[in-house]
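Inspection log for the structure reproduced underneath, given as structure tokens.
The values are calculated or read from the model by the stated rules, or taken from the named source; none is laboratory data. Just so you know, these numbers come straight off a predicted model, no measurement behind them. We place every Cβ from the backbone using ideal geometry, glycine too, and count neighbours over all the protein chains shown.
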Amino acid sequence: MIPDDVNGGRNANLGRAVVEPEETLRVLEPGQTYASVTDKISAIALAHQHPRSWLIGFITSSTLLMVFCYATAYVLIMGIGVWGNNVPVAWAFDIINFVWWIGIGHAGTLISAVLLLFRQEWRTSINRFAEAMTLFAVACAGLYPILHLGRPWVFYWLMPYPNTFGLWPQFRSPLIWDVFAVSTYATVSFLFWYVGLIPDFAVLRDRSKRPFSQIVYGILAMGWRGSAIHWQRYETAYLLLAGLATPLVVSVHTIVGFDFAVSIVPGWHQTLLPPYFVAGAIFSGFAMVMTLAIPLRSMYGLEDFITLHHLDNMAKVMLATGLMVGYGYLMEVFCAWYSGNQFEWYVTVNRAFGPYALCYWALIACNIFIPQLMCFRSVRHCVPALFVISLIVNIGMWLERFVIIVISLHRDYLPSAWEMYYPSVWDFAQFFGSIGLFFALLFLFVRFIPVISIFELRELVHETEGGHKP
Amino acid sequence: MSGSTSTPPHVYGLLAQFDQPETLRAAASQAYAQGYRRMEAYSPFPIKDMVSVMGHPRSRLPILTLVGGVLGGVTGYVMQYYACVISYPLNVGGRPLNSWPAFIPIIFELTILGAALFTVFGMLGLSGLPMPYHALFNVPEFKRASRDQFFLCIQAADRSFDLLQTREFLNASHALAVYEVPR
């Protein structure tokens, strides 16, 4: 009745040779019942006391969020001149951070949608918080282009609506495509996340003891009763949303790639950019999921649900997408050389040996060389090593955007227009502050919403153990 | 079977509790064979074939998704055509005003947006959600439908429903308990 390992014995035996016997390569540790998974996950959201580690994390990230609010207020009052960007480097931290954040978001959609379509059951334990990560990352991402507008309070001019100017947005510009792509992505990610949450809100409504949370979760659950016909529609809707989100996620980062590729700046004007941006987005997103999952599982004792199997699989996805990104870097150099275009070639040389060479080589080390350690099974099964590698990849992917944006802009066609770019303290305040915003939202999510999809875990229990037997 | 003469008006139906999805499915298919039609199963997670066992029709949701997608895409194209060709024609180097290849990204995004919105609101609308009150919530044990128990409710509105006979039938189908659901 109870299979030794849902992935077949091969993995399990290999896993045992390397790791401690209690943590094998299962999707779900044995001995779980419908009731036990329900109680364990819902208890996190319904607990009266905030765990100490949660309080420390929330206070730290809220402090950073204050930095973000302060920096944003300062930018709104003084204008974007307080940032370091100026012609010729008119795009800098704001666009770097925008692309970085939106790329991070993409892994969430990939895990929840693409892995669902491929029937990868290991996604169950990580899809919920990966989706939340998407949502919060998109929220952080969206703020940057809006602030970069200079007059953010008229951001709605980006939207097509009948107005007294008699003007329309330029629909032939990738920047307007971006507006539609990012707002659609934010909406669909939210719907996907919320639809996934409805049955779990019903769990919290039914298990909560306090009237206030009963009312709040009751409203959020919309009167969900778990009826068979509702489940059928629900599953259909969820699958359809997954099918819609999959091309969407590819299109969003493709359009982000178009922002660069459609321009005529050397180093940007390449057909390679859209696909290689998508691979990079998935790479950085999985790194961020790993960065979040590792502390989360130890903080709440979720090792039974987010197992080494999950970390191992995520490491493999990172390895694969990392190699795609590496191929992208190689092709960039090759195309620059093969084009015979002196400006393209100069950008390549300037990246590797110019004033920002340190960033370039750090990026190569972070994104190409260090992730190769994950080729070794012993590294993939060493949780602290994975955590460090995932942090390094996050940094590397940020540097990648820095290299693409700043180095291309600071020396393009006319040497008389060349200028160095240095970020100001407000750039850094805004950047680290947005990390605070992201984590503050994430900590609130972890505290008040089930971090793992409870009903999908029950399905998994049903498939692997038959439900009630201890 | 006799009519529902013995059913008091304040009864919504009878709710049987099971602890395994398989027993629930067996009970539901027996009930269907007995001629019960207005019934519904409740479970903490979706059960395979549960809907077909009770004779419910297939969901029409995918059609709604298609309609939403087509509407979104058409809106995207019409909006851009109107803006670029009719309302504000702008000659850029003699290129055609109806430059449809440049319109594709927005058409695509709005197709997805329309389809997603129709899917979610269609799913909620067809299911009658949000529904803050439902008679089943009057049964305290029903809370466990979101935890580890499985329920089958035969509604009093069913033509074959009879308070005593239906209760007997449910007891015979290995229900752990049978509750009367007040309205």
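Remarks
- The set of residues in region B:58-87 that are touching a helix residue (DSSP H, G or I) at 6+ places or on another chain (Cβ under 7 Å) and within 7 Å of chain A (Cβ to nearest Cβ) comprises B:S59, B:L61, B:P62, B:T65, B:Q80.
- Of the helices (runs of 4 or more DSSP H) entirely within region A:354-409, none holds at least 2 residues that are surrounded by fewer than 16 Cβ atoms within 10 Å (Cβ to Cβ) and hydroxyl-bearing (S, T, Y).
Residue-by-condition table, conditions (1) within 14 Å of chain B (Cβ to nearest Cβ); (2) of a type in the set (G, A, S):
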{"residue": "A:T246", "(1), (2)": "yes, no"}
{"residue": "A:V249", "(1), (2)": "yes, no"}
{"residue": "A:A287", "(1), (2)": "no, yes"}
{"residue": "A:L296", "(1), (2)": "no, no"}
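- Candidate set: region B:137-146, residues that are surrounded by 21 or more Cβ atoms within 10 Å (Cβ to Cβ) and touching a helix residue (DSSP H, G or I) at 6+ places or on another chain (Cβ under 7 Å); chosen: the one nearest to the other protein chains (Cβ to nearest Cβ): B:S146
- Here A:I198 passes the criteria (1) more than 7 Å from chain B (Cβ to nearest Cβ); (2) assigned to a helix (DSSP H, G or I); (3) over 31 Å from the mean Cα position of the chain (by Cα); (4) of a type in the set (V, I, T) except the one numbered (3).
- Within region B:26-57, considering residues that are within 7 Å of another protein chain (Cβ to nearest Cβ), of a type in the set (A, V, I, L, M, F, W, C) and outside any loop (DSSP other than H, G, I, E, B), the one surrounded by the most Cβ atoms within 10 Å (Cβ to Cβ): B:A41
Residue-wise test of (1) farther than 30 Å from B:P21 by Cβ; (2) aromatic (F, W, Y); (3) under 23 Å from the mean Cα position of the chain (by Cα); (4) within 14 Å of chain B (Cβ to nearest Cβ).
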{"residue": "A:M397", "(1), (2), (3), (4)": "yes, no, yes, no"}
{"residue": "A:P415", "(1), (2), (3), (4)": "yes, no, no, no"}
{"residue": "A:S424", "(1), (2), (3), (4)": "yes, no, no, no"}
{"residue": "A:F428", "(1), (2), (3), (4)": "yes, yes, yes, no"}
{"residue": "A:I452", "(1), (2), (3), (4)": "no, no, yes, yes"}
{"residue": "A:E456", "(1), (2), (3), (4)": "no, no, yes, yes"}
{"residue": "A:E459", "(1), (2), (3), (4)": "no, no, no, yes"}
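- Entry remark, region A:142-177: residues being at the interface with chain B (Cβ under 9 Å from one of its Cβ atoms) and outside any loop (DSSP other than H, G, I, E, B) number 3 in total.
- Selection status of A:T321, farther than 15 Å from A:W268 by Cβ, among the hydroxyl-bearing types (S, T, Y) and crowded, with 18+ Cβ neighbours inside 10 Å: yes
- Within region A:201-229, the set of residues being buried (at least 17 other Cβ atoms within 10 Å of the Cβ) and among the charged types (D, E, K, R) comprises A:R205, A:D206, A:R207, A:R225.
- For region A:255-277, the tally of residues that are surrounded by fewer than 20 Cβ atoms within 10 Å (Cβ to Cβ) and of a type in the set (S, T, Y) stands at 2.
- Qualifying residue in region B:14-23 (condition: modelled with pLDDT under 90, away from chain A (no Cβ under 13 Å) and under 14 Å from B:D158 (Cα atoms)): yes
- One residue stands out in region B:89-107 among those that are at the interface with chain A (Cβ under 9 Å from one of its Cβ atoms) and in contact with a Gly (Cβ under 8 Å, 6 or more places away or on another chain): the one that is farthest from A:Y238 (Cα to Cα), namely B:F103.
- The residue list A:M133, A:M159 contains one member that is on the phi < 0 side of the Ramachandran plot, exposed (fewer than 15 other Cβ atoms within 10 Å of the Cβ) and either in contact with a helix residue (DSSP H, G or I) (Cβ under 8 Å, 6 or more places away or on another chain) or not hydrophobic (A, V, I, L, M, F, W, C) (or both), which is A:M159.
- The number of residues in region B:26-60 being of a type in the set (S, T, N, Q) and in contact with a Phe, Trp or Tyr (Cβ under 7 Å, 6 or more places away or on another chain) comes to 2.
- Residues that are out of contact with any helix residue (DSSP H, G or I) (no Cβ under 8 Å at 6 or more places or on another chain) and either more than 9 Å from chain A (Cβ to nearest Cβ) or of a type in the set (F, W, Y) (or both) do occur in region B:113-128.
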